[in-house]
1. Within region B:73-137, which strands (runs of 3 or more DSSP E) (wholly inside it) include 3 or more residues that are assigned by TED's automatic domain parsing to the domain that holds B:Tyr54 and of a type outside the set (A, V, I, L, M)?
2. Of (1) touching a residue at least 24 places away in the same chain (Cβ under 8 Å); (2) surrounded by fewer than 24 Cβ atoms within 10 Å (Cβ to Cβ), A:Tyr98 satisfies all except one. Which?
3. Find all pairs meeting these conditions: Cβ atoms under 6 angstrom apart; at least six residues apart or on different chains; first residue within region A:55-70 and assigned to a helix (DSSP H, G or I); second residue within 16 Å of ligand 2 (Cβ to nearest atom).
4. Quick one: how many residues across region A:229-238 are without any contact (Cβ under 8 Å) to a residue 60 or more places away in the chain and surrounded by 17 or more Cβ atoms within 10 Å (Cβ to Cβ)?
5. Going by the conditions given, is B:Ala339 more than 28 Å from B:Val166 (Cβ to Cβ) and not in a strand (DSSP E or B)?
6. Inside region A:123-181, can you point out the residues that are touching a helix residue (DSSP H, G or I) at 6+ places or on another chain (Cβ under 7 Å), assigned to a strand (DSSP E or B) and away from ligand 3 (no atom under 16 Å from the Cβ)?
7. Pairs needed: first member in region B:89-106, closer than 19 Å to B:Ala224 by Cβ and more than 9 Å from every other protein chain (Cβ to nearest Cβ); second member anywhere, in a helix (DSSP H, G or I) and charged (D, E, K, R); C-beta distance under 6 Å; at least 6 residues apart or different chains.
8. Here are some conditions: (1) under 28 Å from B:Pro200 (Cα atoms); (2) within 16 Å of ligand 1 (Cβ to nearest atom); (3) among the polar types (S, T, N, Q). A:Thr104 meets all but one. Which one does it not meet?
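The values are calculated or read from the model by the stated rules, or taken from the named source; none is laboratory data. From a predicted model like this one, the values you see are computed outputs, not experimental measurements. Positions of Cβ are generated from backbone atoms using ideal geometry, with glycine treated the same way; all protein chains shown enter the neighbour counts.
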Amino acid sequence: MDKFTVFTPQLLPQEELFASGHRACVGCGEALAVRLVCKALGRDVVIVNATGCMEIVSSQIPRTSWKVPWIHTLFENTASVASGAEAGLKILRKKDRYSGGKVTVVAMAGDGGTSDIGLQALSGAMERGHNLLYVCYDNEAYMNTGVQRSSSTPLGASTTTSPAGEKSVGQFSWKKNMPAIAVAHNISYVATASPSYPFDLMDKVRKGVEATGTSYIHILSVCPTGWRCGSDMAVTLGRLAVETGVFPLYEVEDGKYKLSLDFPRLRPVRDYLKHQGRFRHLTDVIIDKIQDRVTDEYLKLRRKASED
Amino acid sequence: MMSQRVGIEISLAVAEVAKLADVDVVAAYPITPQTHIVERLAELVANGELSAEYIPVESEHSAMSACLGSSAVGARTFTATAGQGLELMHEVVDVAPSLRLPIVMAVANRALSGPLSVWCDHSDAMGVRDCGWVQMFAENGQAAFDLSLCAFRIAEDPSVLLPTMVHLDGFSLSHVIEPISMLEKDELEGFIPPYEHPFPLRPDKPVTMGAFAPPVIYTETRKAQEVALRSSKKVILQAWKEFGHRFGRYYSPVEGYKSKEATTLLLTMGSFGETATVAIDRMRDNGESVGLINLRLWRPFPFDEIRQAVRNADIVIVFDRCLSSGGPGGPVCSEIRSALYGEKKQPQVVSFIGGLGGRDVTPDDFVNVIRRGIEIAEKGSDEEYEMIGVRE
Ligand SMILES: Cc1ncc(C[n+]2csc(CCOP(=O)(O)OP(=O)(O)O)c2C)c(N)n1
Ligand code: SF4
Ligand SMILES: [Mg+2]
């Protein structure tokens, strides 16, 4: 599957399947990501959503922002509910009890619902190879419950359960590499994406839909509320995350890594960190440590991408 | 035309029901003593006898979650579990009725850890007592088979659309070979209509399922669920009645054995009902006025039937296989007491606990329980309940 650009401004579907009027915070990057994902998916989907910001802002009896079939059950079981939906549709089709067109089952969860509490369910779904797309909206903390750390929170970020203080740098551990965990399951398509690069994101969603078996897309979703940045910063920060190498955009097709965007020289991570209140307390020593790690990881990724 | 009685392990008979119902999806995780049910289903799918998707999930939490997904897209869905498995899926068990998904689940009852015990009691069932499912207890293999069949029809009835649990005691039912009158597919014709969820997840008619409820609406959603569960009783009774007419075996929410004019009644739930009949016979031969009540329908609780069943009795001795720790004793007894409280003529209700973690309770034990129960009723006791057979 070669990379081909499906989406251009002219081809962008006008229709909004994730309706406006939801209650996300002003400038929410996660809501923007959901909107783009839905545009790329179109109508022939069943969406299974985890508990978290996107579920809470989009559904409240008797209202909904979802113009496509959508189900929310719990926080940690999204991949399993999606597994059941996929299996159900498959057998109904086999038994001639469902005759509609192709339906893609799409699971959606936050970083907490994916890399922490939902990891086992996701691992199970990937291992069994259900034909579904799993999208993780990574805003790097449990935002819905008030900005607590997750295993996807980057080192140094101050959250309500990893607060910076006299004896604390904030988050004490490095961000869990969720895409690598997905890759380790030998699924056919894994990608990272950012709503700051909308066409790239939408192309990847289409590829995820077309891929056989489980595919996984990890979307960095700027959360102005939790990151303590301006509500006009989501797109800029998303770009800076990519340009600094903090969140590189890449795809892994059948185990083969490919950088979606490569930079001969990365911008310093400081450019990214400095706009965010969650990193305000960081000393130069810590920032240098983060810089080294980011550079290192980026080079590793580039090496992987250049392997045949 | 009636099918032959065949000697079959009860777990396999339950699996056979899922096959007869032509289930679409089975999602399950193995746990003793449920294993034989799901192993058999995996086998039926593997050898093509059952056209279904068998999802070998990685946990019970995922088992019930996958059931939600498959039922929500309109697939007939079955699972089975026991003990710790039911505990692990607890969170998800609550969601199924709120989404009105008619999943059918067999529970091979098992004691809860700790200490670890794979053997039977009803602690697992009591943990999900208030989850909003239709729930019934089988007393023997035939009932396990018949009630499981009826469960699909009840759950999927358009006026019910609630998940349904059939409890069968671990080992003492699940692993026992019994002569069971199995039904054939053609005999069943029309008894379980095809499953049509009124609003499944489909692109041609998008629905939102599982939206959250703010305080202004949460109460109303729970009330609606409660109304549905209580009204399911009509459908349950109708299903059992038609089952009886067609297949000759009749079921009711409460079953009496030599109970009509008895002054003292023993009340059990599950397979102990069978053992207790031996005790009742023996005491009857002795001229004692005792009878047995077996509680079959657990949710919705059959208040009227219970009141009717004990109306001539002076003493009701309730034997629970579960302890409500630090509370009034047995959970079944609590229900019986509240069903009778406020009645004009109230029998004395005495609570006994036994058979925990697979401990055998013999007919002799039941005789002793009844005698001791009568004594407590007459002389009173400082304790809320008595636990039998405890070795000091
Ligand atoms: C079993 C369980 N534990 C905890 C919670 C509370 N909870 C709801 S959403 C959430 C955090 C969600 O974080 P994430 O998945 O990152 O999504 P976000 O809100 O950040 O988009 C938590 C902890 C829950 N609903 N269920
Ligand atoms: S808390 Fe963050 S992720 Fe949640 S709605 Fe607000 S901006 Fe979006
Ligand atoms: Mg998050």
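1. Result: B:77-81.
2. With respect to (1) touching a residue at least 24 places away in the same chain (Cβ under 8 Å); (2) surrounded by fewer than 24 Cβ atoms within 10 Å (Cβ to Cβ), A:Tyr98 is out only on (1).
3. A:Glu55/A:Asn49; A:Glu55/A:His72; A:Ile56/A:Asn144; A:Val57/A:His22; A:Val57/A:Arg23; A:Val57/A:Ala24; A:Ser58/A:His22; A:Ser58/A:Ser65
4. Number of matching residues: 1.
5. The answer is no for B:Ala339.
6. Answer for region A:123-181, where residues must be touching a helix residue (DSSP H, G or I) at 6+ places or on another chain (Cβ under 7 Å), assigned to a strand (DSSP E or B) and away from ligand 3 (no atom under 16 Å from the Cβ): A:Leu132, A:Leu133, A:Val169.
7. Matching pairs, first to second residue: B:Pro102/B:Glu156.
8. Only one criterion in (1) under 28 Å from B:Pro200 (Cα atoms); (2) within 16 Å of ligand 1 (Cβ to nearest atom); (3) among the polar types (S, T, N, Q) is unmet by A:Thr104, namely (2).
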